[in-house]
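The structure under discussion appears below in the form of structure tokens.
The values are calculated or read from the model by the stated rules, or taken from the named source; none is laboratory data. Just so it is clear, the structure is predicted and the values come from calculations on it, not from any experiment. Every residue, glycine among them, receives a Cβ derived from its backbone with ideal geometry; neighbour counts consider all protein chains shown. For accessibility, only protein heavy atoms count, side chains too; no ligands or nucleic acids. Shrake-Rupley method; radii C 1.70, N 1.55, O 1.52, S 1.80 Å.
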Number of protein chains: 2
Amino acid sequence: MTSEVSLRERKKQATRAALSHAAWSLMIEHGLQAVTPETVAEAVDVSPRTFRNYFASREEAILYGLVRRAGSIADALRARPAGEPVWDSLIEVLPDMVAGLLGESRDLLLLMHAILRDPAMFAQHLVAFEHSQELFAAVIAERTGTDHRYDLSPRLLAAALGVAMRTAALAWAQSETDVSIADLIRRCLMELRAGIPLGES
Amino acid sequence: MTSEVSLRERKKQATRAALSHAAWSLMIEHGLQAVTPETVAEAVDVSPRTFRNYFASREEAILYGLVRRAGSIADALRARPAGEPVWDSLIEVLPDMVAGLLGESRDLLLLMHAILRDPAMFAQHLVAFEHSQELFAAVIAERTGTDHRYDLSPRLLAAALGVAMRTAALAWAQSETDVSIADLIRRCLMELRAGIPLGES
DNA sequence: CCGCTTTCTTTCCCGTCCGGCAAGTTTTCC
DNA sequence: GGAAAACTTGCCGGACGGGAAAGAAAGCGG
């Protein structure tokens with residue numbers, strides 16, 4: 001009963017999580033240039049070669065945690081009342097949950113700066129969001145009774161969510177005022193639901 | 001009058017275009033693995049080192065043409081009548097222009113397969129779209145009289161356009177039926193303008 | 001038209017990174 | 001308990017990235 005998955009699998013997941021966590025911590029504490037297969041592997045007490053078996057790049061390791069958290073957001077969406085309109089679920093769940101999962105705002109700021117400075121980080125964060133979107137697309141498709149592999153709308157909406165979160169995060173990182181990231185995400189989502197009305201003169 | 005930019009600058013642009021074009025052609029004709037700094041440089045008759053002075057990776061070279069074309073789409077948007085609502089301009093211009101600029105549908109299919117197969121291509125195509133979105137955000141901000149550096153809406157809309165085009169391209173590449181890419185883009189845009197209404201039961 | 005300066009191209013080269021391979025270790029399964 | 005499968009590790013070769021300096025081309029002043 002303790003093992004619905006094998007010991008082997010649990011160890012692998014643990015190692016992957018530990019490596020990812022170590023990569024993240026190293027970046028927060030010592031900057032991006034301090035994150036290398038060697039330093040990360042040493043922190044987890046495995047060989048550098050093993051690090052490369054788990055992650056194709058240091059960027060992937062750093063951002064892996066975000067994809068995991070996207071998974072838990074998707075689970076939270078699944079847990080919403082069955083009849084609730086999807087847009088309502090999203091606007092209810094996403095802003096606070098994203099803000100909650102991101103942790104220290106100082107950490108997020110460091111991450112955003114790394115993403116904006118380093119081309120490899122920038123590219124990889126786009127990939128991470130893309131992977132997260134697949135998770136969201138699956139949930140949305142479940143809840144609307146469509147198939148996200150064949151129907152446009154779920155994928156479009158999932159992609160729009162990614163856009164909302166990235167746009168909000170960017171605006172947050174660049175703004176001098178300290179509006180909350182949750183509010184920014186909420187505003188982006190509501191604009192999207194309204195069809196991005198441009199107040200044109 | 002022929003030279004509003006210097007000869008030097010024109011030569012650089014020509015070299016960049018030639019390298020990008022060669023990289024694209026090589027991919028279409030001989031597959032992704034045939035595209036290397038060496039082969040591309042040879043096709044343009046420059047040194048491999050020069051190729052790397054222009055592009056950070058083969059993927060960047062292959063996709064550079066797409067970003068250029070995004071620029072010409074942005075120009076087309078600028079040329080629309082001043083009073084026209086932005087969404088109308090977009091729906092009017094984007095679908096046909098994208099389809100027209102992409103050329104042979106067989107080529108596009110090869111590109112999509114390369115993007116879906118190769119992680120580096122996948123990452124780079126996201127970056128290319130991101131760069132294109134900055135161009136679109138600038139146009140939208142001009143036409144709505146907002147500043148895309150401080151206002152959310154133009155960036156959100158520009159990002160949504162990228163999403164529409166990528167989602168459409170993906171659906172097109174995966175569909176067995178031969179709907180036109182222009183129609184798919186139009187459908188995505190109209191769904192976005194309508195706030196992605198999900199026909200929920 | 002001619003040198004001088006600036007910018008780009010090219011060659012050479014070295015350190016780093018990536019990933020295949022095979023030996024050693026751990027887990028699984030019967 | 002022992003064979004088979006899966007994972008970890010060190011080693012290694014080839015690819016890649018980019019610095020430095022010489023050579024070629026373009027711009028600029030006379």
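Can you tell me which residue among A:122, A:136 is open to solvent by less than 60 Å² (accessible area, probe 1.4 Å) and away from chain B (no Cβ under 11 Å)?
Details: A:122 fails: away from chain B (no Cβ under 11 Å).
Of A:122, A:136, the one residue that is open to solvent by less than 60 Å² (accessible area, probe 1.4 Å) and away from chain B (no Cβ under 11 Å) is A:136.
Examine the stretch A:191-200 for a residue that is surrounded by fewer than 17 Cβ atoms within 10 Å (Cβ to Cβ), facing another protein chain (nearest Cβ under 7 Å) and closer than 26 Å to residue B:151 by Cα, and state whether such a residue exists. Break it down stepwise before answering.
Start the filter on the stretch A:191-200 by keeping residues that are surrounded by fewer than 17 Cβ atoms within 10 Å (Cβ to Cβ), which leaves A:194, A:197, A:199-200.
Keeping just the survivors that are facing another protein chain (nearest Cβ under 7 Å) gives A:194, A:200.
Right, trim to closer than 26 Å to residue B:151 by Cα and you get A:194, A:200.
Yes; the residues of the stretch A:191-200 include at least one that is surrounded by fewer than 17 Cβ atoms within 10 Å (Cβ to Cβ), facing another protein chain (nearest Cβ under 7 Å) and closer than 26 Å to residue B:151 by Cα.
Restricting to the stretch A:25-34, count the residues that are surrounded by fewer than 17 Cβ atoms within 10 Å (Cβ to Cβ) and within 16 Å of DNA strand D (Cβ to nearest atom).
The qualifying residues number 1.
Do you know which residues across the stretch B:39-50 are within 8 Å of DNA strand C (Cβ to nearest atom) and either part of a helix (DSSP H, G or I) or in contact (Cβ under 8 Å) with a residue 60 or more places away in the chain (or both)? First the steps, then the outcome.
The initial filter retains those residues of the stretch B:39-50 that are within 8 Å of DNA strand C (Cβ to nearest atom), namely B:41, B:45-50.
Those that are within 8 Å of DNA strand C (Cβ to nearest atom) and either part of a helix (DSSP H, G or I) or in contact (Cβ under 8 Å) with a residue 60 or more places away in the chain (or both): B:41, B:48, B:49, B:50.
Only one of (1) surrounded by 15 or more Cβ atoms within 10 Å (Cβ to Cβ); (2) more than 9 Å from DNA strand D (Cβ to nearest atom) fails for residue B:37. Which number is that?
In the conditions (1) surrounded by 15 or more Cβ atoms within 10 Å (Cβ to Cβ); (2) more than 9 Å from DNA strand D (Cβ to nearest atom), residue B:37 misses (2) alone.
Determine, yes or no, whether residue B:73 is under 21 Å from residue B:170 (Cα atoms), touching a Ser or Thr at 6+ places or on another chain (Cβ under 9 Å) and within 16 Å of DNA strand D (Cβ to nearest atom).
Numbers: under 21 Å from residue B:170 (Cα atoms): yes; touching a Ser or Thr at 6+ places or on another chain (Cβ under 9 Å): yes; within 16 Å of DNA strand D (Cβ to nearest atom): no.
The answer is no for residue B:73.
Across the stretch A:61-96, what is the number of residues that are within 23 Å of residue A:177 (Cβ to Cβ) and either under 11 Å from the mean Cα position of the chain (by Cα) or crowded, with 20+ Cβ neighbours inside 10 Å (or both)?
Of the stretch A:61-96, the ones within 23 Å of residue A:177 (Cβ to Cβ) are A:91, A:94-96.
Subset that is either under 11 Å from the mean Cα position of the chain (by Cα) or crowded, with 20+ Cβ neighbours inside 10 Å (or both): A:94-95.
Total satisfying the criteria: 2.
Among the residues of the stretch B:5-28, is there at least one that is within 22 Å of the chain's Cα centre (by Cα) and in a loop (DSSP other than H, G, I, E, B)?
So far as the stretch B:5-28 goes, no, none of its residues is within 22 Å of the chain's Cα centre (by Cα) and in a loop (DSSP other than H, G, I, E, B).
Check the stretch A:149-160 and report whether any residue there is among the polar types (S, T, N, Q), within 7 Å of chain B (Cβ to nearest Cβ), without any contact (Cβ under 8 Å) to a residue 60 or more places away in the chain and in contact with a Lys or Arg (Cβ under 8 Å, 6 or more places away or on another chain).
Looking only at the stretch A:149-160, we keep the residues that are among the polar types (S, T, N, Q), and these are A:153.
Now drop any that are not within 7 Å of chain B (Cβ to nearest Cβ), which leaves A:153.
In the following step, the residues that additionally are without any contact (Cβ under 8 Å) to a residue 60 or more places away in the chain were identified as A:153.
Applying the additional criterion that residues be in contact with a Lys or Arg (Cβ under 8 Å, 6 or more places away or on another chain) yields none.
No, the conditions are met nowhere in the stretch A:149-160.
Evaluate the following for residue A:22: is it surrounded by 15 or more Cβ atoms within 10 Å (Cβ to Cβ), of a type in the set (Gly, Ala, Ser), under 23 Å from residue A:132 (Cβ atoms) and within 16 Å of DNA strand D (Cβ to nearest atom)? Talk me through it step by step, then tell me what you get.
Working: surrounded by 15 or more Cβ atoms within 10 Å (Cβ to Cβ): yes; of a type in the set (Gly, Ala, Ser): yes; under 23 Å from residue A:132 (Cβ atoms): yes; within 16 Å of DNA strand D (Cβ to nearest atom): yes.
When the stated conditions are applied, residue A:22 passes them.
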